[in-house]
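Please read the structure below before turning to the comments.
The values are calculated or read from the model by the stated rules, or taken from the named source; none is laboratory data. Quick caveat: nothing in here was measured; it's all calculated off a predicted structure. Please note: Cβ atoms are built from the backbone with ideal geometry, for glycine as well, and neighbour counts cover all protein chains shown.
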């Protein structure tokens, strides 16, 4: 059996600017980075549905006159899309089936960052990927195809190592094979699904706007708030839904939410 895993992020893992200037002392510092993944056994079907939806946008006079949509190579990207496209895409995703979604919330806590990750943003980022992958049980006799949305600091070697850590933790003797690749989001429409689900989650946390998250809530299988509960972490499931009110504040002393 073949299984496909697509991973994207919302936010960035940076704690410092040039010359080690701490970013968390600035009022516009974003105190979290969210990573998410979808898993599917029917990649072809999922890919076609997203492509077809994008083409509907391009063929619709209500949307194809929007500046961002008119640009060559346009693809679904929540932060860059017009609010009309945001709404239409969320409506589309509400009824989309054939995948499962998991997410991690990485609180950007300087003390933990420096102690656990040696003040290294890349270490922090790939530790989040490892914890995200660990949320998905691995199955026997499965060929895994993993795709990570390309960012400047991404490397296929580190991505592969993160997955191998999961393999080592779960079992060394399973009959599993895998291939990891770092890819461009514009070339993989499946990543737009991850992007929008993360955008809805982060918008709920940082701006308090719950409507998009609430509309898509049935897709969120698990959300791991990694450094909640004094660093122990808290896992939210469909039986124990994530709500901002359940969590401690997503802020850092001296900054605003």
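Which number in (1) in a helix (DSSP H, G or I); (2) touching a strand residue (DSSP E or B) at 6+ places or on another chain (Cβ under 6 Å); (3) crowded, with 18+ Cβ neighbours inside 10 Å marks the one condition that residue 192 misses?
The failed condition is (2).
Can you tell me which of (1) over 23 Å from residue 217 (Cα atoms); (2) in contact with a strand residue (DSSP E or B) (Cβ under 9 Å, 6 or more places away or on another chain) is the one residue 197 doesn't meet?
Residue 197 satisfies all of (1) over 23 Å from residue 217 (Cα atoms); (2) in contact with a strand residue (DSSP E or B) (Cβ under 9 Å, 6 or more places away or on another chain) except (1).
How many residues does the range 115-148 hold that are farther than 16 Å from residue 41 by Cα, surrounded by fewer than 20 Cβ atoms within 10 Å (Cβ to Cβ) and free of Cβ contacts under 8 Å to residues at least 60 places away in the same chain?
Adding up the residues that qualify gives 9.
If a residue must be closer than 21 Å to residue 105 by Cα and without any contact (Cβ under 8 Å) to a residue 24 or more places away in the chain, how many such residues does the range 161-209 contain?
Count: 3.
Can residue 200 be described as in a strand (DSSP E or B) and within 30 Å of residue 90 (Cβ to Cβ)?
no
Tell me, which helices (runs of 4 or more DSSP H) lie completely within the range 1-97 with 2 or more residues that are over 30 Å from residue 248 (Cα atoms) and touching a strand residue (DSSP E or B) at 6+ places or on another chain (Cβ under 6 Å)?
By residue number, 43-59.
Any chance you could count how many residues in the range 184-203 are more than 20 Å from residue 52 (Cβ to Cβ) and more than 14 Å from the chain's Cα centre (by Cα)? Talk me through it step by step, then tell me what you get.
Initially, the range 184-203 is screened for residues more than 20 Å from residue 52 (Cβ to Cβ), giving 184, 198-203.
Checking the rest, the ones that are also more than 14 Å from the chain's Cα centre (by Cα) come to 184.
Adding up the residues that qualify gives 1.
If you go through the range 135-152 one residue at a time, do you hit one that is in a helix (DSSP H, G or I) and in contact with a strand residue (DSSP E or B) (Cβ under 9 Å, 6 or more places away or on another chain)?
So in the range 135-152, the residues in a helix (DSSP H, G or I) come out as none.
For the range 135-152, residues in a helix (DSSP H, G or I) and in contact with a strand residue (DSSP E or B) (Cβ under 9 Å, 6 or more places away or on another chain): absent.
Considering each residue of the range 89-104, count those that are surrounded by 14 or more Cβ atoms within 10 Å (Cβ to Cβ) and closer than 17 Å to residue 214 by Cβ, and give that number.
The total comes to 7.
For the list (1) within 30 Å of residue 215 (Cβ to Cβ); (2) at pLDDT below 90, I need the number of the one condition that residue 187 fails.
With respect to (1) within 30 Å of residue 215 (Cβ to Cβ); (2) at pLDDT below 90, residue 187 is out only on (2).
So for the range 21-30 (the condition being modelled with pLDDT of 95 or more and under 19 Å from residue 149 (Cβ atoms)), does at least one residue qualify?
no
For residue 218, all conditions in the list (1) within 19 Å of residue 128 (Cα to Cα); (2) at pLDDT 95 or above hold save one; what is the number of the exception?
Going through the list (1) within 19 Å of residue 128 (Cα to Cα); (2) at pLDDT 95 or above, residue 218 breaks only (1).
Return a yes/no flag: does the range 155-162 have any residue that is assigned to a loop (DSSP other than H, G, I, E, B), over 12 Å from residue 3 (Cβ atoms) and at pLDDT below 90. I'd like the intermediate steps shown before the answer.
Taking the range 155-162 and keeping what is assigned to a loop (DSSP other than H, G, I, E, B), we get 155.
Those still in the list that are over 12 Å from residue 3 (Cβ atoms) too: 155.
Going one step further and asking which of them are at pLDDT below 90, we end up with 155.
Yes, some residue in the range 155-162 is assigned to a loop (DSSP other than H, G, I, E, B), over 12 Å from residue 3 (Cβ atoms) and at pLDDT below 90.
Quick check on residue 229: is it over 16 Å from the mean Cα position of the chain (by Cα), outside any helix (DSSP H, G or I) and farther than 20 Å from residue 124 by Cα?
Judged against the criteria, residue 229 is not a match.
Looking at the range 13-38 only, could you name the residues that are surrounded by fewer than 17 Cβ atoms within 10 Å (Cβ to Cβ) and in contact (Cβ under 8 Å) with a residue 24 or more places away in the chain?
Matches in the range 13-38: 14, 16, 22, 25, 26, 27.
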